[in-house]
Amino acid sequence: MKTNQDYKNAALAALKGKWTPSVIATLVLVAIMSVVMILAIIADISANPDSDLMSPGAFLVMYGFLFLIYYPLSMVGYYNAYKSLFRNGDDKVTSNMFSYTFKGYPKALGLSILYMLFVFLWALLLYIPGIIKGLAYSMSPFILKDNPELSANQAINLSMKMMKGHKFDLFCLMLSFIGWGFLAIFTFGIGYLWLAPYMSTTMVAFYEDVKAEYEAQPVAA
């Protein structure tokens, strides 16, 4: 396995000259979530002007849309758009994000639901098991697009196999961005428009390394 700095350097090299489309894709993703939440709040205030809490109906509609659109888009489409950028220099990040989500949408939806459900159930035991399982499942969005014949559950299972012995490596890699995260906070969140592509492309570099190591293992007789 390479070092954290190797992955970051590879990500920066891939993003060189392609920051603008990357930031635009991130802005589009944030805008989708924001618009849904704002519309739900406005509709709820109009229907229940005397209540300080969101009604169950508005809450369900908002999260239903997020589950159906935002989560598959952010988990499968967004990450794989950066995989194309990393591998091929493809800077059509926004259009690829939508394309990778809605071509094979049932699997993208299924993966996002299973991912969040499994992590949530493990997190019920305490937060640590949920974090560990989140790391174990983290390669599944890439695997699903690289292996379209697999089901969402099979992609998750293969991710667990790939990440065996590497979950702490990924944890340390993500933790190494904590300084940039604090800096982004001081920009009122605007810095995340650059940080998210940086982290996502670094994740792709990590996936490529883990994938190569897994595929190089001898097949059991």
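Just to be sure I understand the rule: take each whole DSSP H helix in the chain, project its Cα atoms onto its long axis, keep it if the span is 24 Å or more and its mean Kyte-Doolittle hydropathy is at least -1.0. Which ones pass?
Flagged H segments are 19-47, 105-123, 192-215.
Counting only the backbone N, which residues of the stretch 181-197 are under 18 Å from the spot 7 Å out from the Cα of Tyr127 toward its beta-carbon?
181-182
Magnitude of the Cβ-charge dipole of the stretch 75-150, K/R +1 and D/E -1, about the Cα centre, nearest 20 debye?
So the dipole magnitude of the stretch 75-150 works out to roughly 40 debye.
Could you tell me which of the pairs Lys103/Lys211; Lys18/Lys164; Lys2/Lys161; Lys83/Lys167 are separated by over 29 angstrom between their Cα atoms in the structure shown?
Lys18/Lys164
To the nearest Å, what is the center-to-center distance of the stretch 171-197 and the stretch 1-39, using C-alpha atoms only?
If we compute the Cα centre of each part, the gap is 11 Å.
Dividing the convex hull volume of the Cα atoms of the stretch 125-164 by its residue count, what figure in Å³ per residue is obtained?
In the stretch 125-164, the Cα convex hull volume per residue is 58 Å³.
What length, rounded to one decimal in nm, is gained on full extension from Glu213 through to Asn147, with 0.36 nm per residue of separation minus their alpha-carbon distance?
22.1 nm
As an exercise, use a Förster radius of 45 Å and the Cβ-Cβ distance of Ile24 and Lys164 to find the FRET efficiency, rounded to the nearest 0.05.
Here the calculated transfer efficiency is 0.75.
I'd like to know which of Ile128, Thr201, Phe182 lies farthest towards the positive end of the charge dipole of the chain, counting +1 on Cβ of Lys and Arg and -1 on Cβ of Asp and Glu.
Thr201
Treating the Cα atoms of the chain as identical point scatterers in vacuum, please give the log10 of the normalised Debye intensity I(q)/I(0) at q = 0.08, 0.13, 0.17 Å⁻¹, two decimals.
For the chain at q = 0.08, 0.13, 0.17 Å⁻¹, log10 I(q)/I(0) is -0.31, -0.82, -1.35.
Can you tell me the FRET efficiency between Ile42 and Leu117 if r is taken as the Cβ-Cβ distance and R0 is 41 Å, rounded to the nearest 0.05?
0.85
Between Asp6 and Leu60, with labels modelled 7 Å along Cα→Cβ, what's the label distance in nm to one decimal, could you check?
Roughly 5.1 nm, to one decimal.
In debye to the nearest 20, how big a dipole does the chain give about its Cα centre with +1 on each Lys and Arg Cβ and -1 on each Asp and Glu Cβ?
460
Go ahead and estimate [θ] at 222 nm for the chain from helices alone: -39,500 (n - 2.57) per DSSP H run with n ≥ 4, summed, over the residue count, rounded to 500.
Only helices count here, giving -23000 deg cm²/dmol.
Using only the alpha carbon atoms of the stretch 62-184, find the Kirkwood hydrodynamic radius as the inverse mean reciprocal pair distance, in angstroms to one decimal.
Here the Kirkwood hydrodynamic radius works out to 15.2 Å.
Read-outs throughout are calculated quantities, based only on the coordinates presented, and are distinct from any laboratory measurement. Since this is a predicted model, take the numbers as computed values, not measurements. With ideal geometry, Cβ positions are generated from the backbone for all residues, glycine too; neighbour counts draw on all protein chains shown.
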